[in-house]
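One structure is given below, encoded as structure tokens.
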Amino acid sequence: MDTESVSDSSSNSSANPSPPLSQLPSKKKAREYSNYFHPGMTQSSCEVVVLAMLNKNSIRDVQVEKHLRPLKKLFNLTLLRGQDKYTYVRAIANALYTHQYISFKEAADLTNLTREDIDILRSL
């Protein structure tokens, strides 16, 4: 009889099953890798944004350890761990825009930006 009462109590608790983890609301905003990238900006436009902000002449002058990792930490881009230099550049260019460090002129074409199209609002 003891085993029946145990099985009865377990069946009562399973009458209201909890929803799967995928359906539970998260307390924090879900971080998605795709949110790191601006859909309208090309790789070359992202490079121009980072070069203008860092005041460098070429993307070869930008180093991951010296220039990009501190910016990754500043903008809390945690999903970039282990990625290459160009992925860092795209994510940091988007973060500079979303955190209002830069703005684009009205007539700027995001697929083909130049340094003249970028207004630096705040320095790093």
Hey, what do the phi angles of region 64-76 turn into as Karplus ³J(HN,Hα) couplings, whole Hz, using 6.51/-1.76/1.60 and θ = phi - 60°, x for Gly and Pro? 5, 5, 7, 10, 8, 4, x, 6, 4, 5, 4, 9, 6
HN-Hα J in Hz across region 35-47 - Karplus 6.51, -1.76, 1.60, θ = phi - 60°, x for Gly and Pro: 6, 7, 10, 7, x, x, 9, 7, 4, 5, 5, 5, 5
³J(HN,Hα) across region 57-62 via Karplus (A = 6.51, B = -1.76, C = 1.60, θ = phi - 60°), whole Hz, x for Gly/Pro? 8, 9, 5, 5, 7, 8
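Can you classify region 58-112 as rounded, prolate or oblate using the Cα gyration tensor, where a ≥ b ≥ c are the square roots of its eigenvalues, rounded means a/c under 1.5, and otherwise it's prolate if a/b beats b/c and oblate if not? Before the final figure, lay out the partial values.
On the way: a/c = 2.13, a/b = 1.54, b/c = 1.38.
Cα axes put region 58-112 in the prolate bin.
Coordinate-derived values only; no laboratory data. Every value quoted in this text rests on a predicted model; they were computed, and no experiment measured them.
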